[in-house]
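Notes follow the structure.
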Amino acid sequence: NYKPEGLRRLAKAAEPFNLLWLEMDLYEPEALARVRQSTTTPIASLETIFGRRSLRPYLDHHTVDTAIIDVQWNGMVEAMRMAAMADAYEVNVASHCSSGPLSTLVSAHFCAAIPNFRIMEVDVDEVPWRTQLLTRPYKIENGEFYLPTAPGWGADIDEATLRAHPPKN
């Protein structure tokens with residue numbers, strides 16, 4: 001809920017910490033560009049942007065150091081096009097992924113297919129049986145995601161595990 005003035009002050013205060021980035025979402029490209037220009041803290045944003053037409057004004061205004069693209073909401077084809085557009089502007093891409101283990105696999109395939117990949121978001125603070133929801137659980141070791149080689153996304157939903165953990169009301 002910060003406005004650009006507060007985000008500029010926050011980004012400036014974060015400079016001594018040498019962050020990988022400070023993530024923020026603003027719906028006005030020029031305002032986000034002014035925040036980025038006011039600091040040496042790298043800025044990441046855009047996970048709430050849908051489609052190339054919405055992305056372009058942010059790239060035209062040089063608003064981010066890293067564009068965060070949500071492949072689950074944009075779809076693989078549009079997300080790939082968005083990453084290609086960001087690449088034309090010399091902007092790296094991170095994936096936004098907080099929707100479950102199958103979405104994590106979709107994001108991993110997206111990241112593996114783009115030339116301007118920066119980092120992949122993975123939600124690790126979930127239930128301990130999270131990866132058991134997949135027929136072939138993915139593996140992360142020393143910060144490296146091992147992309148599965150099985151057909152499709154590399155795994156399917158394990159319906160028995162899903163039934164064993166019904167939602168609680």
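Here are the numbers for this structure:
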read-out: Spatially proximal aspartates and glutamates relative to Lys3 (Cα-Cα < 20 Å; intrachain offsets below 8 disregarded); value: Glu15, Glu23, Asp25, Glu28, Glu30, Glu47, Asp65
read-out: Residue-level accessible surface for Met85, protein heavy atoms, 1.4 Å, Å²; value: 50
read-out: Positive minus negative residues near Pro57 (Lys, Arg vs Asp, Glu; Cβ under 15 Å); value: +1
read-out: Principal axis dimensions, region 27-109 - Cα atoms, whole angstrom, descending; value: 38, 23, 21
read-out: Ile157 versus Asp125: modelled label distance in nm, points set 7 Å from Cα along the beta carbon direction; value: 2.5
read-out: Dimensionless Rg over Rh [the chain; C-alpha; Kirkwood]; value: 1.02
read-out: Solvent exposure ordering (accessible area, 1.4 Å, most first) of Trp73, Trp129; value: Trp73, Trp129
read-out: Overall dimensions of region 115-167 as given by Cα atoms, namely Rg and Dmax in Å; value: 12.9, 40
read-out: Region 105-155: relative contact order in percent, alpha carbon pairs under 8 Å with at least 6 residues between; value: 38
read-out: Kirkwood-based Rg to Rh ratio, region 79-169, C-alpha trace; value: 1.03
read-out: For Asn18, net neighbour charge (Lys/Arg +1, Asp/Glu -1) across residues whose Cβ lies under 15 Å away; value: -1
read-out: Neighbourhood charge, 11 Å Cβ-Cβ cut-off, centred on Ala44 and excluding it, Lys, Arg +1 and Asp, Glu -1; value: -3
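The values are calculated or read from the model by the stated rules, or taken from the named source; none is laboratory data. If you're wondering where the values come from, they're calculated on a predicted model, not measured in any experiment. Glycine gets a Cβ as well: all are built from the backbone with ideal geometry, and neighbour counts include every protein chain shown. SASA here: full protein model, heavy atoms, side chains in, ligands and nucleic acids out. Shrake-Rupley method; radii C 1.70, N 1.55, O 1.52, S 1.80 Å.
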